[in-house]
Amino acid sequence: MFAAGLKCPGCGSSNIVDDDLYCQAQLVCVDCGSVVSEGTLADDPVGGTDVSYSRTTAVTKKPCLNLIKGLERVKEMCRILRLNSEIEDLALTYFRQAYQQESFINVTLQRKEVLAGCCVYVSCRQRDWPITLGTISSLLDADPTLVGGVYQEMIKILNIQAPFVSITDVIEAHVQEYKISAQHVTKELAEDSKVLTKRAVALVELAGDSWIVTGRRPLPIMMAATYLAWQSLNPNRHRLKLSLDKFCHLANVQKRKPAVMRITELKEVLCKLGRELPWVRETVTQDNVVRLVGDILDHRHTLLTRALRTHETAMQADCPQASALNSPTEEVTPSQRSESRDQTADASSALQLCPTDRTENQEGDDSHQTEDPEPNWGVRVLFAPPCVVHAKRRRVEPPHVQNITGDEEISDSEIDSYIRTPQEARAFALMQKAVSSSGSGNS
């Protein structure tokens, strides 16, 4: 490329070209080879040359690969659960916020995947979508303890408040997972999902009234209620002989081990209420109580009241003193009312100390020390929370034994106990005098 208007200072030739062989362009004379100018930086505009952004050293900040995979995982779970776009967008927002936190950056991939499930779970709860943490654990194939720990940490870091979801709100979605319709099983084992849901909800409400739900995980309770509801709707021999393991295999669901214990607890409550049915003549046991579930649920409030009254009467019969004080009298004077208040207090204490509830008190201080501790109050009532009925024994630390060497300091109170009182001094002097006199008489 020729440069017009320039001459070589050596030979005066105007045959000057632009040599761009090197990184910086130069103007060279073709005739003599002299370098006329060693660059065109001085000839550039003041603002510099226009360079596109893509050719500069600046690089656009792209999201992390694990962040992209986590967002895709959130979208997959939302589609599997058939959530609406509002819940999906909220879950994606929570995941982006949580991923920027230090507690969720340098962690394992499994923990990041669990974080995605927790974001979906908290978004569903905030939008009143019935779902349980156990469902998320099954969807991720992760340990429920790990999922619960990540969830608690996430809501604490992001300062999120998730509303409480009742177990009756999620049981309808839980029942839909059981493949026991007429399309999947035989006619004797098939059941309509709506009818099954109604019976299962009633059983869960009964479990709530009898403290079985308190402090328990919802999935085992819902499984136990669904199993008993399925058996009670048509208690034929085909259904009654199926155990929980075979029922879960038939319904194509995963069995929860605590559900076996929840079934036993529900049957115990049903037996207590079934014994109050006036038209039942046979002895109600856990083997035949399933046939009475429909009648028990229809009159459960009345049966609960009668069962509590019967239990209270039985407790008062065990303590005659309390029952005698609670019996009404014809006329009660004001002075007798004040006395009855004290007697009622004594009767309530006597009711707690009945021989049927615990061993009788022994006399003396030594017997009180060796006496067994008083049992919890859950043993004396008909229905009580599980943490009270099966209360854990507190660990009693053994007393600390000090090594006695004989060099310990003696306190002033201990020293005073060694000094004789005037009465002891006189008695000791008389004893010494009697001993000396008897010794001299014998000699």
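The values are calculated or read from the model by the stated rules, or taken from the named source; none is laboratory data. The structure displayed is predicted, hence computed values, not measured ones. Counting neighbours? That spans all protein chains shown, and the Cβs are built from the backbone with ideal geometry, glycine included. What goes into the accessible areas is simple: the full protein's heavy atoms, side chains included, and nothing from ligands, DNA or RNA. Shrake-Rupley method; radii C 1.70, N 1.55, O 1.52, S 1.80 Å.
A few comments on the model shown:
- In the range 187-201, residue most open to solvent (accessible area, probe 1.4 Å) [restricted to those that are touching a helix residue (DSSP H, G or I) at 6+ places or on another chain (Cβ under 8 Å) and at pLDDT below 90]: Glu188
- Taking the range 229-244 as the range and being within 27 Å of Cys387 (Cα to Cα) and either out of contact with any Leu (no Cβ under 6 Å at 6 or more places or on another chain) or outside the structural domain of Lys198 (by the TED database) (or both) as the test, only Leu244 passes.
- Condition met for Gln183 (in contact with a Ser or Thr (Cβ under 7 Å, 6 or more places away or on another chain) and surrounded by fewer than 19 Cβ atoms within 10 Å (Cβ to Cβ)): no
- Criterion (part of a loop (DSSP other than H, G, I, E, B), free of Cβ contacts under 8 Å to residues at least 12 places away in the same chain and within 26 Å of the chain's Cα centre (by Cα)) met by exactly one of Gln161, Gln152, Gln183: Gln161
- Screening Leu115 with (1) outside any helix (DSSP H, G or I); (2) closer than 28 Å to Glu86 by Cα gives one miss only, at (1).
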